[in-house]
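Undergrad: First the structure, which I've put down as structure tokens, then a few questions once you've had a look.
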């Protein structure tokens with residue numbers, strides 16, 4: 001079998017950042033998949049399951065409620081490797097196009113207080129697997145160390 005494109009990225013050189021993972025034509029419209037990489041692959045501990053689950057609930061809710069973006073958001077969800085998330089957005093976009101949105105999203109999560117949206121047995125398949133304090137911590141760390149200081153090195157995959 002051929003390797004899929006995401007398995008051809010050099011994860012030993014990959015930094016925390018925001019990258020275009022792929023662009024797909026879906027029904028005549030381009031959908032851009034962003035690699036929202038929060039952890040250094042194979043070089044630092046991954047996101048805890050409860051933290052990334054909470055980040056998923058809060059980010060997906062926030063993104064789908066932003067008036068100017070909600071109709072363009074296709075999907076937000078965690079990577080299986082637990083080093084980040086995927087964001088799928090309608091349109092042919094670059095990381096710089098969504099940096100303000102991601103900054104706002106991670107600031108929202110970093111400051112979030114209250115009940116986690118959709119964290120009930122009726123609404124979620126693993127509703128007890130949440131960790132708001134760690135979701136807040138990881139989101140603030142990513143916001144301050146990566147999103148607010150992003151250079152080209154954090155916005156383009158390593159060659």
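The values are calculated or read from the model by the stated rules, or taken from the named source; none is laboratory data. Predicted, not measured: the structure shown is a model, and the values here were computed from it. Quick reminder, even Gly has a Cβ in these numbers, built from the backbone with ideal geometry, and neighbours come from all protein chains shown.
Undergrad: Can you name the condition, by its number, that residue 36 falls short on among (1) in a helix (DSSP H, G or I); (2) surrounded by 21 or more Cβ atoms within 10 Å (Cβ to Cβ)?
TA: Among (1) in a helix (DSSP H, G or I); (2) surrounded by 21 or more Cβ atoms within 10 Å (Cβ to Cβ), residue 36 violates only (1).
Undergrad: Then there is this: Scan the stretch 83-107 for residues that are free of Cβ contacts under 8 Å to residues at least 12 places away in the same chain and in contact with a strand residue (DSSP E or B) (Cβ under 9 Å, 6 or more places away or on another chain) and jot them down. Reasoning before the result, please.
TA: Within the stretch 83-107, the subset free of Cβ contacts under 8 Å to residues at least 12 places away in the same chain is 97, 100.
Answer for the stretch 83-107, where residues must be free of Cβ contacts under 8 Å to residues at least 12 places away in the same chain and in contact with a strand residue (DSSP E or B) (Cβ under 9 Å, 6 or more places away or on another chain): just 97.
Undergrad: Let me spell it out: the conditions are (1) surrounded by fewer than 19 Cβ atoms within 10 Å (Cβ to Cβ); (2) within 22 Å of residue 11 (Cα to Cα); (3) at pLDDT 95 or above, and residue 138 meets all of them except one. Which number is the exception?
TA: Every condition holds for residue 138 apart from (1).
Undergrad: Out of 117, 45, I need the residue that is surrounded by fewer than 17 Cβ atoms within 10 Å (Cβ to Cβ), in contact with a helix residue (DSSP H, G or I) (Cβ under 6 Å, 6 or more places away or on another chain) and modelled with pLDDT of 95 or more. Which one?
TA: 117
Undergrad: Of the numbered conditions (1) surrounded by fewer than 19 Cβ atoms within 10 Å (Cβ to Cβ); (2) touching a residue at least 24 places away in the same chain (Cβ under 8 Å); (3) under 16 Å from residue 21 (Cβ atoms), residue 80 satisfies every one except a single condition; which is it?
TA: With respect to (1) surrounded by fewer than 19 Cβ atoms within 10 Å (Cβ to Cβ); (2) touching a residue at least 24 places away in the same chain (Cβ under 8 Å); (3) under 16 Å from residue 21 (Cβ atoms), residue 80 is out only on (2).
Undergrad: Residues of the stretch 3-33 being exposed (fewer than 14 other Cβ atoms within 10 Å of the Cβ) and either in contact (Cβ under 8 Å) with a residue 40 or more places away in the chain or under 21 Å from residue 104 (Cβ atoms) (or both), which ones?
TA: 10, 13, 23, 29, 30
Undergrad: Working only within the stretch 135-159, note down all residues that are in contact (Cβ under 8 Å) with a residue 24 or more places away in the chain, more than 11 Å from residue 99 (Cβ to Cβ) and not in a helix (DSSP H, G or I).
TA: Once the filter is applied, which keeps residues that are in contact (Cβ under 8 Å) with a residue 24 or more places away in the chain, more than 11 Å from residue 99 (Cβ to Cβ) and not in a helix (DSSP H, G or I), the stretch 135-159 yields 156, 157, 158.
Undergrad: Does the stretch 70-94 hold any residues that are assigned to a loop (DSSP other than H, G, I, E, B) and either closer than 30 Å to residue 44 by Cα or under 11 Å from the mean Cα position of the chain (by Cα) (or both), and which are they? Before you say what the answer is, go through the steps one by one.
TA: Within the stretch 70-94, the subset assigned to a loop (DSSP other than H, G, I, E, B) is 70-72, 79-83, 92-94.
Scanning the stretch 70-94 gives 79, 80, 81, 82, 83, 93, 94.
Undergrad: A further question on this structure: Listed residues 67, 59; which is in a loop (DSSP other than H, G, I, E, B) and either modelled with pLDDT of 95 or more or within 11 Å of the chain's Cα centre (by Cα) (or both)? Reasoning before the result, please.
TA: Values: 59 fails: in a loop (DSSP other than H, G, I, E, B).
Result of the check over 67, 59: 67.
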